[in-house]
Structures are given as structure tokens and as C-alpha cells.
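The values are calculated or read from the model by the stated rules, or taken from the named source; none is laboratory data. These numbers were taken from a predicted model, which means no experiment stands behind them. Here the Cβ positions follow ideal geometry from the backbone for every residue, glycine too, while neighbour counts run over all protein chains shown.
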Amino acid sequence: MGECIFCKIANKEILSKPVYEDERCYAFYDLDPQAPTHFLVIPKRHIASALDLGEDDAALVGHCYAVIAKVARELGLDSYRVVTNCGEQAGQTVFHLHFHVLAGRDMTWPPG
Ligand code: AMP
Ligand code: ZN
């Protein structure tokens with residue numbers, strides 16, 4: 001996935017501000033934060049979008065959510081929103097699966 005920006009971030013070919021890393025996933029702060037705290041959690045393996053997930057990816061997705069909870073505890077977040085935009089109409093602009101984690105302000109529902 002030579003041209004994928006998030007693969008390059010996971011490989012450290014593009015600089016980012018890290019939040020957490022292990023062998024399966026990487027978390028880093030969003031360049032254009034939409035809340036006082038806004039970071040992204042990505043699997044290191046390239047998966048284009050949530051539409052490409054199958055049963056074999058269940059442990060990886062569960063791991064990403066466990067990482068989100070761990071980082072949230074470490075950052076002292078007791079309330080946060082996790083968002084995955086899937087497909088262009090839903091607002092996906094980077095086609096490497098990622099979980100936005102937003103916190104630090106009141107959130108509205110439904111989302112726009
Ligand atoms: P989405 O629009 O849901 O695909 O989210 C992509 C997110 O990636 C946006 O919130 C962007 O601000 C963020 N983003 C794009 N390039 C970078 C980068 N180099 N470092 C950190 N965040 C980025
Ligand atoms: Zn990728």
C-alpha cells in the first residue's frame with residue numbers, strides 16, 4: 001500500500017505525534033483536531049475501510065477498542081466519542097481504517 005498516508009504514518013515514513021503503539025496498532029493525534037482531545041487509532045495492517053472487515057478481523061478491532069480505553073484512562077478521559085467514517089458519503093477521506101477518539105467538549109446527537 002505504497003501511497004497510503006496512514007501506512008506511511010504507521011511505518012514512520014511520515015511524522016506524527018504518537019499517543020500509543022504496539023505490534024498491531026498505532027495511535028496518534030489528528031492534524032486537524034475537532035475537539036480538545038482528538039486522536040486516531042489505526043491497525044498497522046492496511047484495511048481500506050470498515051466495509052472490508054470480516055470475522056477474521058474481530059480480534060484486531062476488539063484490540064483497537066481496548067487500546068482506546070487504555071489511552072483514555074491514561075489521559076484521564078471519562079467521556080469520549082469513537083467515530084469511524086466509512087465511505088465518502090459518511091465523510092471518510094483517508095482509506096485506511098481508523099477510529100477517531102474525540103473528547104473534551106459537549107457532543108451533539110445526531111452527528112452531522
Ligand atoms: P476521515 O475523514 O474520517 O477519513 O479522517 C481522516 C483524518 O485524518 C482527518 O481527521 C484528518 O485531519 C486526519 N489526518 C490526515 N492526515 C493526517 C496526518 N498526516 N496526521 C494526522 N492526522 C491526519
Ligand atoms: Zn494503509
Within segment 1-46, which residues are at pLDDT 95 or above and of a type in the set (D, E, K, R)?
-> Lys8, Lys12, Glu13, Lys17, Glu21, Asp22, Glu23, Arg24, Asp30, Asp32, Lys44, Arg45
Counting only residues that are more than 15 Å from the chain's Cα centre (by Cα) and away from ligand 2 (no atom under 15 Å from the Cβ), which one in segment 1-53 is farthest from Ala72 (Cα to Cα)?
-> Leu15
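Residue-by-condition table, conditions (1) in a loop (DSSP other than H, G, I, E, B); (2) surrounded by fewer than 16 Cβ atoms within 10 Å (Cβ to Cβ); (3) touching a residue at least 12 places away in the same chain (Cβ under 8 Å); (4) within 11 Å of ligand 1 (Cβ to nearest atom):
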{"position": "Leu40", "(1), (2), (3), (4)": "no, no, yes, yes"}
{"position": "Asp56", "(1), (2), (3), (4)": "no, yes, no, no"}
{"position": "Val67", "(1), (2), (3), (4)": "no, no, yes, no"}
{"position": "Gln89", "(1), (2), (3), (4)": "no, yes, no, no"}
{"position": "Leu97", "(1), (2), (3), (4)": "yes, no, yes, yes"}
Filter segment 69-87 for residues that are within 16 Å of ligand 1 (Cβ to nearest atom) and of a type in the set (A, V, I, L, M, F, W, C) and give the result.
-> Val71, Val82, Val83, Cys86
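For every residue, the table says whether it meets (1) surrounded by 13 or more Cβ atoms within 10 Å (Cβ to Cβ); (2) part of a helix (DSSP H, G or I).
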{"residue": "Phe6", "(1), (2)": "yes, yes"}
{"residue": "Lys12", "(1), (2)": "no, no"}
{"residue": "Ser16", "(1), (2)": "yes, no"}
{"residue": "Val19", "(1), (2)": "yes, no"}
{"residue": "Leu31", "(1), (2)": "no, no"}
Would you call Leu102 within 11 Å of ligand 1 (Cβ to nearest atom), touching a Lys or Arg at 6+ places or on another chain (Cβ under 9 Å) and in contact (Cβ under 8 Å) with a residue 60 or more places away in the chain?
-> yes
How many residues does segment 69-87 hold that are under 14 Å from the mean Cα position of the chain (by Cα), in a loop (DSSP other than H, G, I, E, B) and either within 20 Å of Thr37 (Cα to Cα) or charged (D, E, K, R) (or both)?
-> 3
What are the residues in segment 1-38 that are over 19 Å from Val83 (Cβ atoms), in contact (Cβ under 8 Å) with a residue 24 or more places away in the chain and touching a strand residue (DSSP E or B) at 6+ places or on another chain (Cβ under 6 Å), if any?
-> Ala10
